[in-house]
Amino acid sequence: MHIPDGFLPIWEAGLLWLVSLVCIGLSLKWASKEMNEKTVPLFAAVAAGIFAIQAMNIPIPWGTSGHMGGAALASIIFDSPWAGVLMLALVLIVQGLFFADGGILAMGANVFNMGIIGAFVGYYVFKSLKKVNIAVAAFGAGWFALFLGAIVCAIEMAVAGTFPLDKGLQFMGLYHAAIGFIEGGITAVVIQYISSVRPDLIKGLGGNNE
């Protein structure tokens, strides 16, 4: 889902950078209030895991690349979508600057799609479904976060004139709908496991650990 430089015009990339910078600032404000000596090591460990799973890329015709995201997982564990925004922003900055994975000008778009969309969609899907079942809620959060981020990415590239909207939606949607089953499965397994052995690490469970 990483957009390289050249896929978006300067005005669109700049607008998405502006939105992402505002959200990154808000996520840093969240971190200053919520992060402590207990949560920082966990934050770093989850970020490292997300970095690793994003390294598995599948080229997509009429699109960019297909891979897992991780924003939903981060948001659920730390009980805030701002955690997902901050974590994905840090991961994407390292990938873009040191591994040439995603463009520098397009980084704002990548943070918006994978971090902001992924975190907020994943968090609120989980919140809406967790009373039904923790595993189902986590799976839905992972799937919807990844799929909707890919759809937004396709729309952005259609606005840019990079790819036609129908082709972009078809291929980005199809590939990420399939990859979303892996993302949802990993999210469900991790959240279910942590809720069983260390429920204190997930603030937002609220006692619904069944």
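Quick note: the coordinates plus some simple rules give every number you see, no bench work behind them. Here the structure is a predicted model, which is why all the values come from computation and not from measurement. Cβ: placed from backbone, ideal geometry, glycine included. Neighbour counts: every protein chain shown.
Normalised radius of gyration (Cα atoms, divided by 2.2 N^0.38 Å) for the range 108-210: 1.20.
If one computes the Cα centroid of the range 17-39 and of the range 40-69, what distance in Å separates the two points? That distance is 20 Å. 3J(HN,Hα) along the range 145-151: 4, 6, 5, 5, x, 5, 5 Hz, from the Karplus curve 6.51 cos²θ - 1.76 cosθ + 1.60 with θ = phi - 60°, whole Hz, x for Gly and Pro. So what's the net charge close to Ser80: Lys and Arg +1, Asp and Glu -1, counting the other residues with Cβ under 14 Å from its Cβ? Charge balance in the 14 Å sphere: +2. Under the criterion of Cα pairs below 8 Å and six or more residues apart, the relative contact order for the range 19-108 equals 29 percent. Kindly express, to the nearest 10 degrees and within the range 0 to 90, the angle between helix 81-98's C-alpha long axis and the longest C-alpha principal axis of the chain. Approximately 50 degrees, to the nearest 10. A simple rule links phi to the HN-Hα coupling: the Karplus curve 6.51 cos²θ - 1.76 cosθ + 1.60 with θ = phi - 60°, which for the range 6-19 gives x, 7, 10, x, 4, 5, 6, 4, x, 4, 6, 4, 4, 4 Hz, with x for Gly and Pro.
Close Lys pairs in the chain, defined as Cα atoms under 28 Å apart and 8 or more places apart or on different chains, number 15. Amide H contacts of Asp79: Lys203, Gly204, each under 5 Å away and 5 or more positions distant or on a separate chain (H built 1.01 Å from N in the peptide plane; Pro and chain starts excluded). Could you tell me what a quarter of the Cα convex hull surface of the chain works out to, in nm² with one decimal place? Over every viewing direction, the Cα hull of the chain projects on average to 10.5 nm². Using the average count of surrounding beta-carbon atoms within 10 Å as a protection proxy, the listed peptides 80-87, 13-20, 97-104 rank, highest first, as 80-87, 13-20, 97-104. Karplus-derived 3J(HN,Hα) values for the range 59-69, using 6.51 cos²θ - 1.76 cosθ + 1.60 with θ = phi - 60°, are x, 10, x, 6, x, 10, 9, x, 6, 6, x Hz; glycine and proline are entered as x.
In this structure the amide hydrogen of Gly66, modeled in the peptide plane, comes within under 5 Å of the amide hydrogens of Ile58, Ile60, none closer than 5 places in sequence on its chain. Ranked by the mean number of other Cβ atoms within 10 Å of their residues, highest first, the peptides 68-79, 51-62 fall in the order 68-79, 51-62. Normalised by residue count, the range 57-154 yields a Cα convex hull volume of 88 Å³ per residue.
A helix-only calculation puts the chain at -23000 deg cm²/dmol for mean residue ellipticity at 222 nm, using -39500 (n - 2.57) for each DSSP H run of at least four residues, averaged over all residues. Under 5 Å from the amide H of Phe163 lie the amide H atoms of Ala158, each residue being 5 or more positions distant or on a separate chain, with H modelled from the backbone and absent for Pro and chain starts.
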